[in-house]
Amino acid sequence: MYDNITIHTTVEYDAIVIGSGISGGYAAKELTQKGLQTLVLERGRPVETLPTDGMAPWELPFRGGVPAEVAAAEHVVQRRTYAFNSQTQHFFINDRENPYIEEKPFTWIRGNHVGGRSIMWGRQCYRWSKMDFEANARDGTAIPWPISYEEIEPWYTYAEQYAGISGQAEGLDQVPDGAFLPPMEMYCSERMLKAGVEAAWPGERIVTIGRVANLTQGLNGRVQCQHRNQCYRGCSYKAYYSSLNASLPDAMATGNLTLRPHSNVHSIIYDETLDRAVGVRVVDYVTKEMIEFRAKLIFLCASTLGSTQILLNSKTPRFSDGLANSSGVLGHYLMDHHYQIGAFGLFEGHEDTYYYGRRPNGIYIPRFQNLPGERQEQDYIRGYGFQGGGSRAGWTRGTSMSGFGAELKNALRTPGPWSVSVIAFGETLPYYDNRVSLDPEQTDDWGIPLLRINCEWKANEFAMRRDMERASVEMLEAAGAYNIELYNNYTEGAHGAEPGLGIHEMGTARMGDDPRESVLNKHNQAHDVPNLFITDGSCMTSSACQNPSITYMALTARAVDYAIRQVNNGAI
């Protein structure tokens, strides 16, 4: 059954957490601080050093680039994302060793180390709103969320106060304010955009500073951000939130954490008699030895697609289509935010102004269309927000300027014009046929069936994209920008703006009140397996248009609190 791999069974823990990223690291912190002996299983390597932290541009391998032959051989998928270069290459998975099957273009961005993608994430943190948790029920899409904003609101505050989110309170219903640290400052071109947009659409559209998990003052033993904008390399100051910087060290400090890297989870062990998950099978990433770990409580936090792959591979006589899948919806309703669409424009003035440091943040324009009680778009439902930022052109613009010699050098001594770029992030609807499944024949080097992904944008997303184009240009025009350039990177059947590139994949093990239509209940507990909890993106019932990580953290803390109470009263 296991291709002659030797199986060893080890000590039993109170809890096992699969994955060490945003959700897994936070689950480990919450479980260990509540006294549970907890094992964290991470497929990737430990992170003992940050190889490029603090390096100057000229010290970076290949000046930040990755040789084409290396990228093509080892990172043919990972190189599609904006964050992949020689500063970060060591944090991205080797695609040749870890393949998957794209039935339609889908970019699966993965880390392969302790801390997961929490090291490389964009750190933007926006609460979902009452509107978002009611959206499915309001317009009759898929199934209703089993929780309300009011139920999760205190857990947002709890997670924000731990992680440290800087931002500006705006009093908007569609993106509720949170427990913010002082906001970062806007650049002058961003302030020009803000003035123009808010004058053209008073009370309808606002431009605010990004709400970001970078500390603007010390918190929980971590120091404030140094404005190096090297977050994707890791941070020796621990000034932005990640599992590596915060939750895992705090879990380790309890004395209740066992962290095992190089642990490729094969499947969850289910006992038909007990009707419980009793452990986890791991194939050691290095030795390929099969090992079994036992626990009374399991938190599956291996990322949306990783967790679903594990569940699909955890087949039993009762669950022949995957563990906890009596509903048959496991693997379906895959979502991601669609983006790679927006506009860029130049601004006149402020030639005597520049900025100091390298702010690791941008601006945010919250959703302004299809809000409850206001005018509804005729072509699509739901909506989108904009992220982006301002800058001033430096000497690198010389690569595209005409001229040579002293004249060119003197021209480059003075910074170029100010600019602003805005990029739309749109909500994707949950569709049954956007799905993942296991290949019946092909496996990876660890004997785990390859994941097949079949996902595409549909009519609602394309109609929304047309409106994204219009809105991005009209806002720059209203602010007085010139030389405005519109871009939309989507090409049907090709890579460019396909699902996955948003790196906000969600769904596939959704929450719901009805066990016939969902995998999880309102506490992220599997309907079919009461000691199994899933708190990564796979639990999401819809996608909203905001970055989801702070929602995962809030759901994780809430689920741990519930699970501990269930353990203490003997229900688990």
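The values are calculated or read from the model by the stated rules, or taken from the named source; none is laboratory data. Since we're looking at a predicted model, the values are computed, not measured. FYI the Cβ positions are ideal-geometry reconstructions off the backbone, even for glycines, and counts take in every protein chain you see. Only protein heavy atoms, including side chains, enter the accessible area calculation; ligands, DNA and RNA are left aside. Shrake-Rupley method; radii C 1.70, N 1.55, O 1.52, S 1.80 Å.
Confirm whether G203 is under 30 Å from M511 (Cα atoms), part of a loop (DSSP other than H, G, I, E, B), of a type outside the set (D, E) and without any contact (Cβ under 8 Å) to a residue 24 or more places away in the chain. Answer is no for this residue. Of all residues in region 398-416, at least one satisfies being in contact (Cβ under 8 Å) with a residue 40 or more places away in the chain, surrounded by fewer than 16 Cβ atoms within 10 Å (Cβ to Cβ) and closer than 25 Å to G210 by Cβ.
Quick check: anything in region 112-128 at pLDDT 95 or above, surrounded by 21 or more Cβ atoms within 10 Å (Cβ to Cβ), in a loop (DSSP other than H, G, I, E, B) and among the basic types (K, R)? The answer is yes; a qualifying residue exists.
Please find, within region 546-570, the residue that is farthest from N524 (Cα to Cα) out of those that are open to solvent by 10 Å² or more (accessible area, probe 1.4 Å) and β-branched (V, I, T). By that ranking, first place goes to V567.
Restricting attention to region 26-69, the residues that are closer than 30 Å to Y13 by Cα and of a type outside the set (F, W, Y) add up to 23.
Just so you know, in region 56-91 the residues that are touching a residue at least 40 places away in the same chain (Cβ under 8 Å) and assigned to a loop (DSSP other than H, G, I, E, B) include one that is most open to solvent (accessible area, probe 1.4 Å), and it is Q87.
Of the residues in region 258-288, how many are farther than 20 Å from L532 by Cβ and touching a Ser or Thr at 6+ places or on another chain (Cβ under 6 Å)? Going through region 258-288 one residue at a time, the tally reaches 0. When region 22-53 is filtered for residues that are touching a Ser or Thr at 6+ places or on another chain (Cβ under 8 Å), open to solvent by 50 Å² or more (accessible area, probe 1.4 Å) and not in a helix (DSSP H, G or I), the ones remaining, listed by number, are Q37, R43. The residues in region 160-177 that are out of contact with any Pro (no Cβ under 8 Å at 6 or more places or on another chain), closer than 24 Å to Y241 by Cβ and either open to solvent by 60 Å² or more (accessible area, probe 1.4 Å) or in contact (Cβ under 8 Å) with a residue 60 or more places away in the chain (or both) can be counted, and the count is 6.
Mind listing whichever residues of region 92-104 are open to solvent by 50 Å² or more (accessible area, probe 1.4 Å) and touching a residue at least 24 places away in the same chain (Cβ under 8 Å)? The answer is E97, P99, E102, E103, K104.
Looking across region 258-280, the residues that are touching a residue at least 24 places away in the same chain (Cβ under 8 Å) and open to solvent by 20 Å² or more (accessible area, probe 1.4 Å) come down to T258, L259, R260, P261, H262, H266, Y270, E272, D275, R276. With respect to (1) closer than 24 Å to V560 by Cβ; (2) among the β-branched types (V, I, T); (3) buried (at least 21 other Cβ atoms within 10 Å of the Cβ), the lone exception for T107 is condition (1).
Just to be sure, is E190 of a type outside the set (V, I, T), surrounded by 19 or more Cβ atoms within 10 Å (Cβ to Cβ) and not in a loop (DSSP other than H, G, I, E, B)? It would help to see each step written out before you state the result.
On the way: of a type outside the set (V, I, T): yes; surrounded by 19 or more Cβ atoms within 10 Å (Cβ to Cβ): yes; not in a loop (DSSP other than H, G, I, E, B): yes.
Yes.
Scanning region 301-333 for residues that are free of Cβ contacts under 8 Å to residues at least 24 places away in the same chain and open to solvent by less than 10 Å² (accessible area, probe 1.4 Å) yields a single hit, G322. Under the condition of being out of contact with any helix residue (DSSP H, G or I) (no Cβ under 6 Å at 6 or more places or on another chain) and open to solvent by 30 Å² or more (accessible area, probe 1.4 Å), the residues counted in region 193-203 number 7.
Yes/no per residue for (1) of a type in the set (G, A, S); (2) part of a strand (DSSP E or B):
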{"position": "D250", "(1), (2)": "no, no"}
{"position": "T258", "(1), (2)": "no, yes"}
{"position": "H266", "(1), (2)": "no, yes"}
{"position": "R281", "(1), (2)": "no, yes"}
{"position": "T287", "(1), (2)": "no, no"}
{"position": "I310", "(1), (2)": "no, no"}
{"position": "R318", "(1), (2)": "no, no"}
{"position": "D321", "(1), (2)": "no, no"}
{"position": "G328", "(1), (2)": "yes, no"}
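Restricting attention to region 204-222, and to residues there that are modelled with pLDDT of 95 or more and open to solvent by 70 Å² or more (accessible area, probe 1.4 Å), which single residue is farthest from L172 (Cα to Cα)? For region 204-222, the residue satisfying everything is Q217. Can you find, within region 444-465, the residue that is surrounded by the fewest Cβ atoms within 10 Å (Cβ to Cβ) among those that are of a type in the set (D, E) and under 23 Å from the mean Cα position of the chain (by Cα)? Across region 444-465, the extreme among qualifying residues is E456. Does E441 satisfy being of a type in the set (D, E, K, R), open to solvent by 20 Å² or more (accessible area, probe 1.4 Å), at pLDDT 95 or above and part of a strand (DSSP E or B)? Taking the combined requirement at face value, the residue satisfies it. For region 229-251, taking the residues that are in contact (Cβ under 8 Å) with a residue 24 or more places away in the chain and surrounded by fewer than 17 Cβ atoms within 10 Å (Cβ to Cβ), the one that is farthest from I22 (Cα to Cα) is identified as N229.
Since R138 meets every condition but one in (1) assigned to a helix (DSSP H, G or I); (2) touching a Pro at 6+ places or on another chain (Cβ under 9 Å); (3) among the basic types (K, R); (4) under 27 Å from G25 (Cα atoms), which condition does it not meet? Status for R138: all satisfied but (4).
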